[in-house]
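K.L.:
Have a look at the structure that comes next, please.
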Amino acid sequence: MSDVQRFEHGSRVPGWDDAADLTKDPAVIPDPQTTPVPAELRTQIEAEMARYPAGRERAATIPALWAVQRHYGWCTPEGIVQAACVLEMTPAELIAVATFYDMFETRPVGRNTVYVCTNISCSLCGADELLAALRDEIGEDPDVNLRGFECLGACDIAPMASVNGAYIGPISLDEVPELARQIREGAEPLPAKRLVLRPSADPKVSASTPEDA
Amino acid sequence: MTDILLFRDIDEPGLATIDVYERRGGYQALRTALKTDPAELIETLKGSGLRGRGGAGFPMGLKASFIPQGDMQKYVVVNADESEPGTFKDRELMQKNPHQLIEGVIIAAYAVGATKSFIYIRGEYEEQADILDAAVQEAYAKGYLGENVAGSGVELSLHVQRGAGAYICGEETGLLDSLEGRRGNPRLKPPFPANAGLFQGPTLINNVETLSALPHIVELGAETYSAIGVANSSGTKLISISGNVQRPGNYEIELGMSSRDIIYGLAGGPPEGREVKFWFPGGSSSPVLTADDLDVGYDFDSIAKAGSMLGSGAIIVVDDSQSVVDVCLKLAHFYAHESCGKCTPCREGTNWTEKMLGRVKDGTATPMDLDIMASVQQRIIGNCLCVLGDAMAMPVSSMIAKFRGEFEAHIEAARAAADRAAVGVAG
Amino acid sequence: MPRPVAQMVTFTLNGQEVTAPENAILADAALEHGNVEIPVFCYEPKIGGPVGACRMCLVEIEGIPKLQAGCSVPVKDGMVVHTDTPRVREAQEAVLEFILVNHPLDCPVCDKGGECPLQDKSFGWGDGISRFVEPKRHFEKPLALSPLIAIDRERCILCYRCVRFSQEVSEDHQLVLQERGAHAFVATFDGHPYVAPFSGNIIELCPVGALTSQPYRFRARPWDIEQSGSICTLCPAQCNVSFTVRDDRVLRVLQRDHEGVDDGWLCDKGRFAYQAIHVDERITQPLLRDGGELRPVTWELALETAAAALGRGRGRTAALAGGAATNEEGWLLQGLLRDSLDSADIDSRAGGTLPLDLHQALGAPALQASVPDLEFAHAVLVLGTEPVDDAPVLDLRLRKGVRRHGLQLFTATSRPSALDERAVLAVRYAPGAEAAFVAALDAALTGADVAGPAAAAGADADAVRALADGLRAAGEDIVVLWGERVCSGAAGADAARGLLNVAARLGLEGRDGAGLLGVPDGANGRGLREVGVLPNAAPGLAAPDTDGRDAAGIAAALAAGELTGVYLLRTDPLVDLADTPLWERALEKATTVIAHASFLTPGIAEHATVVFPAESHAEKEGTVVHPDGRLQRLRPAIGRQGETRPEWQVLAELRRALGNDERLLTCSMVTARMLESIPFYAGLTLDTIGADGTRWTERPQGAAAPAGAAAPFDLPAPAPAASPNGRLRLGTFRSIWASPEVGASPALKFLHPRQRVELAPGDAERLGVRHGSPVTVACDGRSVTGIAHVRASAPEGSVFLETAIAADSAAELDGPLVEVRPA
Ligand SMILES: Cc1cc2nc3c(=O)[nH]c(=O)nc-3n(C[C@H](O)[C@H](O)[C@H](O)COP(=O)(O)O)c2cc1C
Ligand code: SF4
Ligand code: SF4
Ligand code: SF4
Ligand code: FES
Ligand code: FES
């Protein structure tokens, strides 16, 4: 396979140069008889399917892919076939969905997910430098999936990052070594910079919040 | 002065729990609403003048009135995809006051006769989604959701569905396809979601902030609410302000306030010694305004008159230390990355624009490329299936038009630098 | 749902008044009623509604500020539309420029060059200059998407047609778009090939040269080929096709859209099996058995030998016609046999004799549903047939009905059907229990006792009741699509009576949009019956002077020496008929076996004494009858290959040699004689049949068809099923790919089936059989082997095997019960 183009920040991997492997069988809806599905995966997907009106169970596709990604660390072909089996869809329908969304990984990646926002507001505040510094600091760690990302909806804490779902910021370049260590060690990243702890910026809010709270 | 509604008590510890929310008067508006005839409720919503807070600014009550009467399965869907760069207001609302949103959803569902509802939240907002999930469970436990909403005999289910990272799923029909388990490609309209939305049933889709305002409208009444703000822009609005400002964050303002007061007064203006160079008044999709426009009133009509749009109410400030070329390239890259690829002008136009800007940046462009780029934007605008293409083309056009001199100077300088480098290598 | 009736409205198109059906899509209405072409790429009404993706079709509509997609706007009264204003032109140029941004423009080396919509549109609507100087994306090309289809992703303009076909027409859901934006590309899951019965249609749908036919690639350029319209006779669906011909060779088969027949689609067999026309294995000269070997001889010698042998066997010769034989051939054959050879032993069915009055009743014009009725009916019951195998293109028609018109589909089959997933109710019965099942359904419709017949059928009585209720509740327009196997075998006549009862109970007779549609085993099964290729029917379904033996009777009589010769018109009993062992003995014993064949299949290779090379369907002239009564005309697209002579001519010459003086000089003379001889074809000519065919059942002359037996009938209590004693009931099926043409086509060979033994998980476990492992299926000391295919949907107690395959065919086994064990 020749070198494929990647977006600058490595978030997507096109498969343009892939031909079909003519020795494989066509990928039809997997037969439950020949497709064993791990019980916990099946349970999760079936619970999601139950939320939708009868006949509309395919609406559980995205939750099912999340379940696969949680189970295997990424959306493995095997996991997709299993989800397809439970959903009674073809695996192609699932891969079409999985590759549409930025957060689904269709190639093996590290289990620790770190998104650094490099969109407008964050880059005005030094996000590109932050991403570069973090990349240097973390290096080639197979357990870390470090990606530049589009606006994460937290421009008020620019430059910022999401570490396994936890938003932190603003992150200064001085904090990068510590953050990298915390990511490697699985420690809580920059606890003081957690978005969820941040009070509102609006001065009227503190004025309106009753003292008895 | 009632200019604090949505953010009332917002930092009160525990507000995200149902006990505290109820203690602060939560779910009272719902009880009032359930005693009102749905048709009358829709009239109240219409009378409030509330316009959609998600970006398009469509009158909320009018949209609710488009939902057909009848026994068919109807849905309410909350657009919590919040992916427009610069926008982060829904995040704070959901994280800190989820029940306000849930109460709004129930009121809306009752008004239009929907018995199933969904919150579609962007996948990146994991922390907020967890909070919402917990709040929804509480609301079920307290009987605000389920088969008999607050003892009224009305039925409503609510489920939080997490996205997985795609800006286009904020576009309402892309969202619906995503919610149905597909790629989030926008649909052809008509039919509009009000007639054939989720699972082809009539569907009311509103933004988080729009629905969060409903309890307040019910509480205050249409007249009082509509008196807040200015003509055609009633009520309060959350403004997300970010970029080169000293105090970035969400602020609740009364619509009509001067932009300067927001940028300088609330957010503290650019860092010491810096000036506002240009600003996006309504998220990255809005054409940029400059320092000359700072005195424009912050409301739908005034911003439109200034040549831009209020959009999602997200102000991004760029100061005079920044290069317009860099911002423009970031912006084009974003839209090229997020284009769903369904329609030709957007898919190819965003991609082409990004490539041209790349050449502007690295010095391999000529001023003629600026003309081509400007004309490419004109060829995108109005020709796409949804407005994502326009959402790039309009701000890019505005930047080229307003800062053409800087683009040209950049091209010259980058070219000279590239030439020097080439000579250096050769010699 | 029944077809909606459209009202006509008037709108203004570029200043001219145009009248068109209300709500017709503007792009269609403009072209059809206003002669104005609005350029489109993504819009293709055959696939479904508009998607509005390519934006090529933008037009100006007065009163709407933005340009509108002409592919998506329904026509309204008084609408004022402009397609030629500067604004529209600018938008069209813009879209074309954008499309070409990522298009390689390698037309000189592109298979589509010369017949490419993108080329045409660039010429007609583009501004001819490209301002795109960025490097275009480059990818490896072309790549295999399947053994049949190559994909060139550089050329793809992401119009969605191919992936929509896979999702919304064939519903195989294998071909999808992956990634997003300008990075989106067409692909399958994880490099699996796109192999599905209808995959080839995407080649024709692709508006650029991104999807090309592997067998056709670089075989020809559009300017040195000719198109020639005919009919595909590889199955009863009889799709209308257009052969692409160069230098007297068929290079490609394209659809020739006929709403009443194929709706513009072809299956991959019909599309690619043309390759079998030009392979070396094909028989293209007469052969004579000489010292145990078949050797090429001159036509004169072959004809002489055949005539002499037939003459010697007068009164002791039988004939069988295969399904691909034309009406003319069948008519000549029965005349040869009945008039010149004093024999009545002729058949074209595999399933035994059915009383003539039942043939007549089942084919009665008032009871015939048409193909479009499948789409617009309230409900369709698919009974004892698997459309995707038996008449593939009908599978797509049913799916369309379900998807677009709210058709309620019911399936009642022994083997799980591909259509089950689209059915409101799928009912199973034991293989071979068709008569009992139909009796149970009849009982359910009349409120009689269902339990007894349902038990005999191995069906769930509640399911049968639900089926009856569902059909009644769906509406009045009901079509029963039934397979010939329903009315086959020992209880075939009872099943036919039951079927006629069901039709009567549902009030299908004389109702527009409702009725029966029988899928025969052979492509022209209906035509062959109507021209008299039955042991108990003369031309026109009239009673013959004497009744003869049916196929099974012929086999027995040959084996017993009561008959000495058999004439095989395009059929090999060892492939096409049941009970291979008996047929082996029969052919062994026969002194004369005269065959028309294209390939040396086992029966021909071992036993034929004279072989005449048979024409391919691209060489043939004549007529066939579609299962819904439409006479269709075959026209030769190429000259006959090698020394092949037309079959009708061979039959006519033998007829003359055996004493009939009438001179038949051309095929059209035969057609005329044949048509004249049949009262319900009266007045038809090749011209009136025309390019679109004619349903004789709709013509007033159709009333001349004999009425046959009248329902309702009293049905005998069905015999209870044999006790299994640990064995499984044998069910058989013939796959779409089980045909010699598929086996002989290099590109399709990979699909030619090998025996696979389908059984239910419970049975597999009990018998110690694992999925994918070899198993032996045995009965009465005979056995075949195959690969076990454990299917979750297979019914317990039954096992399904393929027939019509070269080795290990289920025809070796007699049934009804077989033993299955690991091999
Ligand atoms: C490309 C695009 C992205 C959008 N993203 C969002 C979004 O993230 N959140 C949102 O509420 N509306 C978004 N919208 C607007 C929605 O389509 C829709 O107008 C809105 O959800 C309606 O709710 P409202 O009337 O309450 O504003 C987006 C629109 C477009 C075209
Ligand atoms: S404008 Fe862009 S995002 Fe919208 S449908 Fe077209 S390609 Fe998709
Ligand atoms: S391969 Fe052809 S049919 Fe398929 S999307 Fe591309 S251009 Fe359209
Ligand atoms: S469905 Fe039958 S008639 Fe049609 S193309 Fe296929 S084989 Fe030929
Ligand atoms: S720009 Fe970084 S979070 Fe919005
Ligand atoms: S033909 Fe209308 S958008 Fe493609």
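K.L.:
In this structure, does B:S117 turn out to be under 30 Å from B:R347 (Cβ atoms) and either assigned by TED's automatic domain parsing to the domain that holds B:I217 or assigned to a helix (DSSP H, G or I) (or both)? Break it down into steps so the answer makes sense when it comes.
P.N.:
Values: under 30 Å from B:R347 (Cβ atoms): no; either assigned by TED's automatic domain parsing to the domain that holds B:I217 or assigned to a helix (DSSP H, G or I) (or both): yes.
No.
K.L.:
Next up: Suppose the filter is open to solvent by 10 Å² or more (accessible area, probe 1.4 Å), at pLDDT below 95 and touching a helix residue (DSSP H, G or I) at 6+ places or on another chain (Cβ under 6 Å); does C:R137 pass it?
P.N.:
Details: open to solvent by 10 Å² or more (accessible area, probe 1.4 Å): yes; at pLDDT below 95: yes; touching a helix residue (DSSP H, G or I) at 6+ places or on another chain (Cβ under 6 Å): no.
Spelling it out, it is not the case that C:R137 is open to solvent by 10 Å² or more (accessible area, probe 1.4 Å), at pLDDT below 95 and touching a helix residue (DSSP H, G or I) at 6+ places or on another chain (Cβ under 6 Å).
K.L.:
Name the one entry in B:G184, B:G143, B:G163, B:G123 that is open to solvent by less than 30 Å² (accessible area, probe 1.4 Å) and within 30 Å of C:G70 (Cβ to Cβ). Spell out how you get there, then give the answer.
P.N.:
Working: B:G143 fails: within 30 Å of C:G70 (Cβ to Cβ); B:G163 fails: within 30 Å of C:G70 (Cβ to Cβ); B:G123 fails: within 30 Å of C:G70 (Cβ to Cβ).
None of the others qualify; the one that does is B:G184.
K.L.:
Could you check A:G165 against (1) touching a strand residue (DSSP E or B) at 6+ places or on another chain (Cβ under 9 Å); (2) surrounded by fewer than 22 Cβ atoms within 10 Å (Cβ to Cβ); (3) away from chain B (no Cβ under 14 Å) and say which number it fails?
P.N.:
The one condition A:G165 does not meet is (3).
K.L.:
Tell me which of these A:A83 doesn't satisfy, since it passes every other one: (1) within 16 Å of ligand 5 (Cβ to nearest atom); (2) among the small types (G, A, S); (3) crowded, with 24+ Cβ neighbours inside 10 Å.
P.N.:
(1)
Yes or no, residue by residue, for (1) within 16 Å of ligand 2 (Cβ to nearest atom); (2) modelled with pLDDT of 95 or more; (3) of a type in the set (A, V, I, L, M, F, W, C):
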| site | (1), (2), (3) |
| --- | --- |
| C:E37 | no, yes, no |
| C:C54 | yes, yes, yes |
| C:V80 | no, yes, yes |
| C:T83 | no, yes, no |
| C:N102 | yes, no, no |
| C:V109 | no, no, yes |
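K.L.:
Among what's in region A:87-109 and is in a helix (DSSP H, G or I) and open to solvent by 10 Å² or more (accessible area, probe 1.4 Å), pick the residue that is farthest from C:F185 (Cα to Cα).
P.N.:
Step one: list which residues in region A:87-109 are in a helix (DSSP H, G or I), which gives A:87, A:91-98.
Cutting the leftovers down to open to solvent by 10 Å² or more (accessible area, probe 1.4 Å) gives us A:87, A:93, A:95.
Numbers: A:L87: 24, A:E93: 14, A:I95: 12 Å.
The selected residue is A:L87.
K.L.:
Sticking with this structure for a sec: Could you list all residues from region B:382-412 that are surrounded by fewer than 21 Cβ atoms within 10 Å (Cβ to Cβ), in contact (Cβ under 8 Å) with a residue 12 or more places away in the chain and either within 16 Å of ligand 5 (Cβ to nearest atom) or within 10 Å of another protein chain (Cβ to nearest Cβ) (or both)?
P.N.:
Passing the criteria: none in range.
K.L.:
Regarding B:S302, is this residue within 16 Å of ligand 1 (Cβ to nearest atom) and either over 20 Å from B:A401 (Cβ atoms) or in the same structural domain as B:Q246 (by TED's automatic domain parsing) (or both)?
P.N.:
no
K.L.:
Can you name the residue in region C:153-166 that is out of contact with any Asp or Glu (no Cβ under 8 Å at 6 or more places or on another chain) and open to solvent by 20 Å² or more (accessible area, probe 1.4 Å) and, of all such residues, is farthest from ligand 1 (Cβ to nearest atom)?
P.N.:
Applying the filter and picking the extreme gives C:C156.
K.L.:
While we're looking at this one, here's another question. What do you reckon, is C:F800 hydrophobic (A, V, I, L, M, F, W, C), under 24 Å from the mean Cα position of the chain (by Cα), outside any loop (DSSP other than H, G, I, E, B) and surrounded by fewer than 18 Cβ atoms within 10 Å (Cβ to Cβ)?
P.N.:
Details: hydrophobic (A, V, I, L, M, F, W, C): yes; under 24 Å from the mean Cα position of the chain (by Cα): yes; outside any loop (DSSP other than H, G, I, E, B): yes; surrounded by fewer than 18 Cβ atoms within 10 Å (Cβ to Cβ): no.
No, not satisfied.
K.L.:
Which one is most open to solvent (accessible area, probe 1.4 Å), of the residues in region C:107-134 that are in contact (Cβ under 8 Å) with a residue 60 or more places away in the chain, among the charged types (D, E, K, R) and assigned to a loop (DSSP other than H, G, I, E, B)?
P.N.:
Within region C:107-134, the match that is most open to solvent (accessible area, probe 1.4 Å) is C:E115.
K.L.:
What helices (runs of 4 or more DSSP H) completely inside region B:290-388 contain at least 3 residues that are within 16 Å of ligand 6 (Cβ to nearest atom)?
P.N.:
Output list reads B:344-362.
K.L.:
(1) closer than 24 Å to C:Q360 by Cβ; (2) out of contact with any strand residue (DSSP E or B) (no Cβ under 6 Å at 6 or more places or on another chain); (3) at pLDDT 95 or above: which one isn't true of C:T694, the others all being true?
P.N.:
Exception for C:T694: condition (2).
K.L.:
Against the definition (more than 12 Å from the chain's Cα centre (by Cα), away from ligand 6 (no atom under 16 Å from the Cβ) and more than 14 Å from every other protein chain (Cβ to nearest Cβ)), how does A:R135 come out, yes or no? Give the derivation first.
P.N.:
Numbers: more than 12 Å from the chain's Cα centre (by Cα): yes; away from ligand 6 (no atom under 16 Å from the Cβ): yes; more than 14 Å from every other protein chain (Cβ to nearest Cβ): yes.
Yes, satisfied.
K.L.:
Quick one: would you say B:D90 is away from ligand 4 (no atom under 16 Å from the Cβ), surrounded by fewer than 22 Cβ atoms within 10 Å (Cβ to Cβ), of a type outside the set (G, A, S) and closer than 21 Å to A:S200 by Cα?
P.N.:
no
K.L.:
Using the structure shown, decide if B:A111 is more than 14 Å from chain A (Cβ to nearest Cβ), buried (at least 24 other Cβ atoms within 10 Å of the Cβ) and either part of a loop (DSSP other than H, G, I, E, B) or small (G, A, S) (or both).
P.N.:
Considered against the rule, which asks whether it is more than 14 Å from chain A (Cβ to nearest Cβ), buried (at least 24 other Cβ atoms within 10 Å of the Cβ) and either part of a loop (DSSP other than H, G, I, E, B) or small (G, A, S) (or both), B:A111 comes out as yes.
K.L.:
Given (1) within 14 Å of chain A (Cβ to nearest Cβ); (2) surrounded by fewer than 24 Cβ atoms within 10 Å (Cβ to Cβ); (3) closer than 26 Å to B:I316 by Cβ, identify the lone condition not met by B:N232.
P.N.:
Status for B:N232: all satisfied but (1).
K.L.:
Now for a different question. Counting just the residues of region A:38-53 that are among the aliphatic types (A, V, I, L, M) and within 11 Å of chain B (Cβ to nearest Cβ), which one comes out farthest from A:C85 (Cα to Cα)?
P.N.:
To start, the set of residues in region A:38-53 that are among the aliphatic types (A, V, I, L, M) comprises A:39, A:41, A:45, A:47, A:49-50.
Okay, now just the ones that are also within 11 Å of chain B (Cβ to nearest Cβ), so A:49-50.
Details: A:M49: 13, A:A50: 16 Å.
That would be A:A50.
K.L.:
If the Cβ limit is 8 Å and pairs must be 6+ apart or interchain, which residue in region B:303-318 that is within 17 Å of B:D390 (Cα to Cα) and within 14 Å of chain A (Cβ to nearest Cβ) pairs with which residue that is open to solvent by less than 10 Å² (accessible area, probe 1.4 Å) and part of a strand (DSSP E or B)?
P.N.:
Close Cβ pairs (under 8 Å, with a partner that is open to solvent by less than 10 Å² (accessible area, probe 1.4 Å) and part of a strand (DSSP E or B)) amount to B:S312/B:S240.
K.L.:
Another question, if that's okay. Those residues that are open to solvent by 30 Å² or more (accessible area, probe 1.4 Å) and either under 27 Å from C:L517 (Cβ atoms) or within 16 Å of ligand 2 (Cβ to nearest atom) (or both), I need them from region C:195-228; list them, please.
P.N.:
Matches in region C:195-228: C:P197, C:E204.
The values are calculated or read from the model by the stated rules, or taken from the named source; none is laboratory data. Bear in mind the structure is a predicted one, so any value in this text is a computation, not a measurement. In this analysis, Cβ positions are derived from the backbone assuming ideal geometry, glycine residues included, and neighbour counts consider all displayed protein chains. Quick note on the areas: whole protein, heavy atoms, side chains included, nothing else; ligands and nucleic acids left out. Shrake-Rupley method; radii C 1.70, N 1.55, O 1.52, S 1.80 Å.
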